[in-house]
């Protein structure tokens, strides 16, 4: 069943609209893969499942991306299924996500950012939610393959620091205006229209910092 579902997901087209049949269909398939109990019967499929999750992280929407990260964590904890090739592929996706964060912050958390359509979901590689889960994946990798992972993550360190230094433009202006008056700013700037995205962004920074 696992290779068949993965092939259906690979051959199908990702959907970024919640109200489409394709979106719901793919969500169900990804959730089935996530809920398959980890046991010896699944061990031969651990590597193909891992590779399938990495493919979806690159190409699918953020809701599926979050589930893929949780599935990857389960695979690593159950089977210690890591190789240098898989680790390198994972960190290449993480690098792409880091490079996308600055524009995503500008797009969603500026004073003139439009309100996000709740029916539209972001691509996985442009998602605060998925970035937070990727941080948890890195922590899981480190627990079982510290030496391999430490080497692979070296190129990501400069971009990690850049992501941690990012600040919502609307929040930055509110903070600086407040400090110019001799006060200390606390809270979320009222000019931020996408409060959930802001919360997801802060959570992603915390998880990345923790990893």
Expressed in nanometres to one decimal, the distance between label points 7 Å along Cα→Cβ at residue 196 and residue 40 is 4.5 nm
Quick shape check on the chain: root eigenvalues a ≥ b ≥ c of the Cα gyration tensor, a/c under 1.5 is rounded, otherwise prolate if a/b tops b/c, else oblate, and it reads oblate
Subtracting the Cα-Cα distance of residue 111 and residue 185 from 0.36 nm times their residue separation yields 25.0 nm
So residue 96 and residue 59, fully extended at 0.36 nm per residue minus their Cα-Cα distance, gain in nm 12.1 nm
Once both label points are put 7 Å beyond Cα along the C-beta direction, the residue 161-residue 78 separation in nm becomes 3.9 nm
Within the range 74-101, the residues whose backbone N lies under 14 Å from a label point placed 7 Å from the Cα of residue 147 along the Cα-to-Cβ direction are 84
The relative contact order of the range 2-210, taking Cα pairs under 8 Å that sit 6 or more residues apart, comes to a percentage of 24 percent
Note: probe point = Cα of residue 173 + 7 Å toward Cβ; backbone nitrogen < 19 Å; residues of the range 95-119 passing the test are 102-116
Most packed first (mean Cβ within 10 Å per residue), the peptides 32-42, 174-184 order as 32-42, 174-184
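Rule-based calculations on the coordinates, nothing more; no lab input. Just so we're clear, the structure is a prediction, and the values are computed from it rather than from any experiment. Heads up, the Cβs are rebuilt from the backbone with ideal geometry, glycines too, and the neighbour counts pull from every protein chain shown.
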